[in-house]
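The values are calculated or read from the model by the stated rules, or taken from the named source; none is laboratory data. Note that the coordinates shown come from a computational prediction; the quantities given were computed from them, not determined experimentally. Every residue, glycine among them, receives a Cβ derived from its backbone with ideal geometry; neighbour counts consider all protein chains shown. Just the protein is used for accessible areas: all its heavy atoms, side chains included, with ligands, DNA and RNA removed. Shrake-Rupley method; radii C 1.70, N 1.55, O 1.52, S 1.80 Å.
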Amino acid sequence: MDQKQPDRAGNDRHHERIIDVASDVRSVLEGNRSDKLLRLFDYLLEKSLCGETPSEQKIADEAFADDSGTDGSQDANVRVYVYRLRKLIDSTFAGKSGPRIEIPVGSYCINLVDGDEPNSLRRLARWASASSLSLPVRVALLGLAVMTIGGLALVWTSRDTDPLAKTVAWQPFEGNVRPLMIVIGDYYLFARLDANRSNADAAPQLVWDRSVPTREDLTIFQMLNPTKVEDSVDYNQQFVSGGTIEALSNIRATIAKVPAFQGRSLRLTAASQLTPEMLTNSDIIYVGQFSGMPLLLRDPLVQASGFELSKGNDALIDAGNGERYQSDGMILTDERIARRDFAYIAGFSGPANNRILIIAALGDAGLKEAAELAGDPDQLLAIKADAKSKENGFEALYRVRTMKNVNIGATLILDRVLRASGIWDNSENMPVYRPIEAFKLQQANP
């Protein structure tokens, strides 16, 4: 009995801390007047304090069962509401130090997070250790988390001034006191099962569909395509390419040299988790392929850039002269060993006068080279850094030559001033959301 008393007391203190921190989120929910989100939050908090992790079905049956005219057991909006609640919680604590709460991806429980460790870093570590993830993805994500933690120490301890600080890419970060947010390009995968069920032991086929970028989009896709509900299954998989991880390692070493980042908090988030609050509260560095770039960044960049991105995300097209810069991709043959990719670096002001730096490419080869170029003062000093580029932002495109998995050189093709005026006030003409578009076409042409 005596041995159990300390545990009970510890649990009580832990519960009191969760309730105290959760009160901040509850105040925001009450201010938003969203009865359904508030009811979901109270339900998950109660279950979490009891040590329970409810299923989607249980949430629908118990948390939403009182909705008039709604059959809780068939409530297809559970994931959507949990997604919205997770985003609201993240935004409530964005830029704040101290304890916070979170709803980890892939779980429906509320956890207390102590200290200043980035919420997104903990989420990434959980992705890496989740049993549902394939081994290569777990290894990649764990390596990413370790490199990011190592980067924190370097950023806070490095005191040497580097020529990078005066380049057009890094100089605009000087004088800012906002947190630095590194956004990494990632991809959502869902499982496609054998429709004929001919082999019950066959492993599911993991699918990356650009029109289904999140779990919530898969739910919408299933609602619009009822015949595919049983064949398309969420396995809670996120993919980060190996080239992205290598590029992140180089960027981590680069920011450690730039005095503008001394003493500033550094946080990591996946592109799929980027919120408008993060975009306005932080300086942003995006590291990833164009195909993994979130719309919150891609939309304004497309408006400002002189390039258009092809539908297949494998080429940049110069809007001025129509010239096409296409990646060779990963297809190699005995007759075609050397291949090419294109690296891209751009910098411009964010919606709250914060700074955004894009380090991107069409493929992994170009991305790794882009990260190296971003840390090479000689290459960056070759970019024009006049008054217009500093005011409106810049973009630079490099041709990358590779031999299998080895980069053997990069050449600056062009650099120019961005057309950044008004990009945060206007929405780019985006295509109709693809699942809905496909569904309408299917209905029109049975």
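Values as computed for the structure displayed
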item: Å² of accessible area per residue within region 242-297, as computed with a 1.4 Å probe and no ligands counted; result: 26 Å²
item: Three-way shape label, region 171-305, alpha-carbon gyration tensor, a/c 1.5; result: prolate
item: Whole-percent carbon and sulfur share, accessible surface of region 249-362, 1.4 Å; result: 50 percent
item: Residue 205-residue 313 FRET efficiency (beta carbon distance; Förster radius 25 Å; 0.05 resolution); result: 0.75
item: 24 Å Cα-Cα threshold exceeded, pairs from 96/388; 36/87; 36/58; 368/388; result: 96/388; 368/388
item: Dipole in debye (nearest 20) - region 224-278, about Cα centre, beta carbon charges: Lys, Arg +1; Asp, Glu -1; result: 480 debye
item: Residue list for region 301-316, given a label point 7 angstrom along the Cα-to-Cβ vector of residue 324 and an amide N cut-off under 12 Å; result: 310-316
